[in-house]
Amino acid sequence: MNYEEILNKLTTELSAKRLQHSRGVCQTAVALANRFGANEGKAKLAGILHDCAKEITNQESLGLADFFGIVIDEVEKAVPVLLHAKIGAQLAQAKYGIVDEEIQQAIRLHTVGGPEMTTLDKIIYLADFIEPSRSFSGVEKLRKIVEQVSLDEAMIAAYDQSIAFVVEAKGLLHPATVAGRNSLLLKKRKA
Ligand SMILES: [Fe+2]
Ligand SMILES: [Fe+2]
(Lines give C-alpha, C1' and ligand atoms only; values in the text may rest on other atoms or scores of the structure.)
(Ligands and ions follow the chains in the order given, each with its own letter.)
Protein backbone atom coordinates (compact mmCIF):
# COMPACT_ATOMS: atom_id res chain seq x y z
CA MET A 1 0.00 0.00 0.00
CA ASN A 2 1.16 3.52 -0.63
CA TYR A 3 0.80 6.38 1.86
CA GLU A 4 -2.61 7.52 0.56
CA GLU A 5 -4.02 4.00 0.70
CA ILE A 6 -2.69 3.53 4.22
CA LEU A 7 -4.15 6.85 5.32
CA ASN A 8 -7.55 5.92 3.88
CA LYS A 9 -7.54 2.60 5.67
CA LEU A 10 -6.43 4.19 8.95
CA THR A 11 -9.35 6.62 8.67
CA THR A 12 -11.69 3.65 9.10
CA GLU A 13 -9.64 2.12 11.94
CA LEU A 14 -8.78 5.06 14.18
CA SER A 15 -10.71 7.82 15.92
CA ALA A 16 -10.43 11.35 14.51
CA LYS A 17 -8.29 12.36 17.48
CA ARG A 18 -5.87 9.46 17.05
CA LEU A 19 -5.66 10.12 13.33
CA GLN A 20 -4.82 13.76 13.99
CA HIS A 21 -2.09 12.61 16.39
CA SER A 22 -0.76 10.13 13.80
CA ARG A 23 -0.65 12.81 11.11
CA GLY A 24 1.21 15.06 13.53
CA VAL A 25 3.74 12.32 14.28
CA CYS A 26 4.12 11.74 10.54
CA GLN A 27 4.83 15.43 9.79
CA THR A 28 7.15 15.82 12.76
CA ALA A 29 9.00 12.61 11.88
CA VAL A 30 9.57 13.82 8.30
CA ALA A 31 11.01 17.10 9.59
CA LEU A 32 13.28 15.26 12.04
CA ALA A 33 14.34 12.81 9.31
CA ASN A 34 15.48 15.73 7.18
CA ARG A 35 17.36 17.26 10.05
CA PHE A 36 19.02 14.08 11.31
CA GLY A 37 19.61 12.37 7.99
CA ALA A 38 17.10 9.51 8.06
CA ASN A 39 14.98 8.22 5.19
CA GLU A 40 12.05 10.61 4.81
CA GLY A 41 9.74 8.06 3.17
CA LYS A 42 10.29 5.54 5.95
CA ALA A 43 9.73 8.23 8.61
CA LYS A 44 6.46 9.17 6.89
CA LEU A 45 5.14 5.59 6.84
CA ALA A 46 6.32 4.72 10.36
CA GLY A 47 4.83 7.98 11.66
CA ILE A 48 1.39 7.51 10.16
CA LEU A 49 1.25 3.83 11.19
CA HIS A 50 2.89 3.92 14.63
CA ASP A 51 -0.42 3.79 16.56
CA CYS A 52 -2.33 1.55 14.11
CA ALA A 53 -2.96 -0.92 16.95
CA LYS A 54 -3.66 1.64 19.69
CA GLU A 55 -7.44 1.38 19.63
CA ILE A 56 -7.60 -2.39 19.88
CA THR A 57 -9.09 -3.59 23.18
CA ASN A 58 -6.82 -5.16 25.79
CA GLN A 59 -8.47 -8.51 25.33
CA GLU A 60 -8.09 -8.39 21.57
CA SER A 61 -4.46 -7.28 22.00
CA LEU A 62 -3.67 -10.35 24.08
CA GLY A 63 -5.30 -12.55 21.42
CA LEU A 64 -3.33 -10.86 18.62
CA ALA A 65 -0.09 -11.11 20.59
CA ASP A 66 -0.72 -14.84 20.88
CA PHE A 67 -1.55 -15.07 17.16
CA PHE A 68 1.65 -13.29 16.13
CA GLY A 69 3.80 -15.22 18.63
CA ILE A 70 4.71 -12.04 20.50
CA VAL A 71 6.40 -12.76 23.83
CA ILE A 72 4.65 -10.75 26.54
CA ASP A 73 6.75 -9.66 29.50
CA GLU A 74 5.33 -9.11 32.97
CA VAL A 75 5.07 -5.34 32.60
CA GLU A 76 3.17 -5.70 29.30
CA LYS A 77 0.93 -8.27 30.93
CA ALA A 78 0.08 -5.75 33.67
CA VAL A 79 -0.16 -2.79 31.24
CA PRO A 80 -1.48 -4.31 28.00
CA VAL A 81 -1.73 -0.93 26.26
CA LEU A 82 2.07 -1.12 25.87
CA LEU A 83 1.51 -4.03 23.47
CA HIS A 84 0.12 -1.69 20.80
CA ALA A 85 3.71 -1.06 19.70
CA LYS A 86 4.66 -4.71 19.12
CA ILE A 87 1.25 -5.53 17.65
CA GLY A 88 1.34 -2.39 15.51
CA ALA A 89 4.63 -3.54 13.97
CA GLN A 90 3.03 -6.88 13.03
CA LEU A 91 -0.17 -5.26 11.72
CA ALA A 92 1.88 -2.83 9.64
CA GLN A 93 2.94 -5.87 7.64
CA ALA A 94 -0.20 -8.03 7.87
CA LYS A 95 -2.76 -5.28 7.20
CA TYR A 96 -0.84 -2.47 5.51
CA GLY A 97 1.73 -4.43 3.53
CA ILE A 98 4.81 -2.87 5.14
CA VAL A 99 7.61 -5.39 4.72
CA ASP A 100 10.41 -2.94 5.51
CA GLU A 101 11.99 -4.08 8.77
CA GLU A 102 13.32 -0.66 9.69
CA ILE A 103 9.80 0.76 9.59
CA GLN A 104 8.47 -2.19 11.57
CA GLN A 105 11.18 -1.77 14.20
CA ALA A 106 10.50 1.96 14.59
CA ILE A 107 6.85 1.12 15.27
CA ARG A 108 7.83 -1.70 17.65
CA LEU A 109 10.10 0.55 19.77
CA HIS A 110 8.02 3.75 19.78
CA THR A 111 6.41 3.29 23.18
CA VAL A 112 9.06 2.01 25.59
CA GLY A 113 12.24 2.71 23.62
CA GLY A 114 15.29 0.53 24.14
CA PRO A 115 19.08 0.36 24.12
CA GLU A 116 19.63 -0.38 20.44
CA MET A 117 17.71 2.23 18.50
CA THR A 118 18.44 3.45 14.99
CA THR A 119 18.11 7.08 13.93
CA LEU A 120 14.68 6.26 12.49
CA ASP A 121 13.58 4.58 15.76
CA LYS A 122 14.63 7.65 17.77
CA ILE A 123 12.87 10.00 15.38
CA ILE A 124 9.56 8.17 15.70
CA TYR A 125 9.93 7.98 19.49
CA LEU A 126 10.53 11.74 19.70
CA ALA A 127 7.89 12.70 17.13
CA ASP A 128 5.32 10.75 19.17
CA PHE A 129 6.12 13.01 22.14
CA ILE A 130 6.29 16.42 20.54
CA GLU A 131 3.91 16.41 17.54
CA PRO A 132 1.76 19.58 17.40
CA SER A 133 -1.43 18.15 18.95
CA ARG A 134 0.33 16.95 22.12
CA SER A 135 -0.54 19.09 25.14
CA PHE A 136 0.94 17.47 28.28
CA SER A 137 2.65 19.70 30.81
CA GLY A 138 6.27 20.09 29.79
CA VAL A 139 5.67 19.50 26.08
CA GLU A 140 6.77 23.04 25.11
CA LYS A 141 10.01 22.65 27.02
CA LEU A 142 10.66 19.29 25.37
CA ARG A 143 9.93 20.73 21.89
CA LYS A 144 12.53 23.46 22.51
CA ILE A 145 15.09 20.95 23.74
CA VAL A 146 14.57 18.73 20.68
CA GLU A 147 15.05 21.79 18.45
CA GLN A 148 18.36 22.66 20.02
CA VAL A 149 20.26 19.50 20.85
CA SER A 150 21.60 16.32 19.27
CA LEU A 151 19.34 13.35 18.63
CA ASP A 152 20.73 11.42 21.61
CA GLU A 153 20.41 14.41 23.96
CA ALA A 154 16.81 14.81 22.79
CA MET A 155 16.20 11.13 23.52
CA ILE A 156 17.62 11.49 27.05
CA ALA A 157 15.28 14.44 27.66
CA ALA A 158 12.30 12.42 26.34
CA TYR A 159 13.21 9.41 28.48
CA ASP A 160 13.52 11.68 31.52
CA GLN A 161 10.07 13.10 30.83
CA SER A 162 8.56 9.66 30.26
CA ILE A 163 10.13 8.12 33.35
CA ALA A 164 9.15 11.09 35.55
CA PHE A 165 5.57 10.81 34.29
CA VAL A 166 5.35 7.08 35.03
CA VAL A 167 6.91 7.51 38.48
CA GLU A 168 4.55 10.39 39.29
CA ALA A 169 1.59 8.21 38.32
CA LYS A 170 3.01 5.38 40.48
CA GLY A 171 3.08 3.28 37.32
CA LEU A 172 5.27 0.40 36.22
CA LEU A 173 8.44 1.39 34.41
CA HIS A 174 9.27 -0.81 31.46
CA PRO A 175 12.87 -2.10 31.75
CA ALA A 176 13.55 -1.23 28.08
CA THR A 177 12.97 2.46 28.88
CA VAL A 178 15.54 2.39 31.67
CA ALA A 179 17.95 0.36 29.49
CA GLY A 180 17.51 2.84 26.64
CA ARG A 181 18.26 5.84 28.86
CA ASN A 182 21.20 4.10 30.55
CA SER A 183 22.74 3.17 27.20
CA LEU A 184 22.74 6.80 26.07
CA LEU A 185 24.20 8.04 29.36
CA LEU A 186 26.92 5.37 29.25
CA LYS A 187 27.75 6.28 25.65
CA LYS A 188 28.18 9.92 26.74
CA ARG A 189 30.54 8.98 29.58
CA LYS A 190 32.72 6.98 27.21
CA ALA A 191 32.87 9.80 24.67
FE1 LIG B 1 1.77 4.65 20.65
FE1 LIG C 1 1.40 7.82 19.38
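Could you figure out which of (1) more than 16 Å from ligand 2 (Cβ to nearest atom); (2) touching a residue at least 40 places away in the same chain (Cβ under 8 Å); (3) within 14 Å of Leu109 (Cα to Cα); (4) not acidic (Asp, Glu) isn't true of Ala92?
(1)
Taking the options Glu101, Glu76, Glu116, name whichever one is acidic (Asp, Glu) and surrounded by 14 or more Cβ atoms within 10 Å (Cβ to Cβ).
Values: Glu101 fails: surrounded by 14 or more Cβ atoms within 10 Å (Cβ to Cβ); Glu116 fails: surrounded by 14 or more Cβ atoms within 10 Å (Cβ to Cβ).
Sole residue among the options that is acidic (Asp, Glu) and surrounded by 14 or more Cβ atoms within 10 Å (Cβ to Cβ): Glu76.
I'd like to verify a number: residues in the range 79-109 that are β-branched (Val, Ile, Thr) and more than 16 Å from Tyr3 (Cα to Cα), how many?
Our first condition is that a residue be β-branched (Val, Ile, Thr); within the range 79-109, this holds for 79, 81, 87, 98-99, 103, 107.
This time we only want the ones that are more than 16 Å from Tyr3 (Cα to Cα), so: 79, 81, 87.
The number of residues fulfilling the criteria is 3.
Quick one: in the range 2-13, which of the residues that are touching a helix residue (DSSP H, G or I) at 6+ places or on another chain (Cβ under 7 Å) and touching a residue at least 40 places away in the same chain (Cβ under 8 Å) is surrounded by the fewest Cβ atoms within 10 Å (Cβ to Cβ)? Quick ask: steps written out before the conclusion?
Filtering the range 2-13 down to residues touching a helix residue (DSSP H, G or I) at 6+ places or on another chain (Cβ under 7 Å) leaves 3, 6-7, 10-11.
Then drop every residue that is not touching a residue at least 40 places away in the same chain (Cβ under 8 Å), which leaves 3, 6-7, 10.
Details: Tyr3: 13, Ile6: 20, Leu7: 16, Leu10: 19.
It comes out as Tyr3.
Within the range 28-37, is there a residue that is within 16 Å of ligand 1 (Cβ to nearest atom), in contact with a helix residue (DSSP H, G or I) (Cβ under 7 Å, 6 or more places away or on another chain) and touching a residue at least 40 places away in the same chain (Cβ under 8 Å)?
Our first condition is that a residue be within 16 Å of ligand 1 (Cβ to nearest atom); within the range 28-37, this holds for 28-29.
Keeping just the survivors that are in contact with a helix residue (DSSP H, G or I) (Cβ under 7 Å, 6 or more places away or on another chain) gives 28-29.
If we keep only those that are touching a residue at least 40 places away in the same chain (Cβ under 8 Å) too, we end up with 28-29.
Looking for residues that are within 16 Å of ligand 1 (Cβ to nearest atom), in contact with a helix residue (DSSP H, G or I) (Cβ under 7 Å, 6 or more places away or on another chain) and touching a residue at least 40 places away in the same chain (Cβ under 8 Å), one finds at least one in the range 28-37, hence yes.
So Asp121 passes all but one of these: (1) more than 16 Å from ligand 2 (Cβ to nearest atom); (2) among the acidic types (Asp, Glu); (3) under 25 Å from Ala179 (Cβ atoms). Which condition number does it fail?
Checking Asp121 against (1) more than 16 Å from ligand 2 (Cβ to nearest atom); (2) among the acidic types (Asp, Glu); (3) under 25 Å from Ala179 (Cβ atoms), the one that fails is (1).
Spot the failing condition for Cys52; the list is (1) surrounded by fewer than 13 Cβ atoms within 10 Å (Cβ to Cβ); (2) more than 19 Å from Thr119 (Cα to Cα); (3) at pLDDT 95 or above, and only one is missed.
(1)
The values are calculated or read from the model by the stated rules, or taken from the named source; none is laboratory data. For clarity, every value in this text was computed on a predicted model and none was experimentally measured. Every residue, glycine as well, gets a Cβ built from its backbone with ideal geometry; the counts of neighbours run over all protein chains shown.
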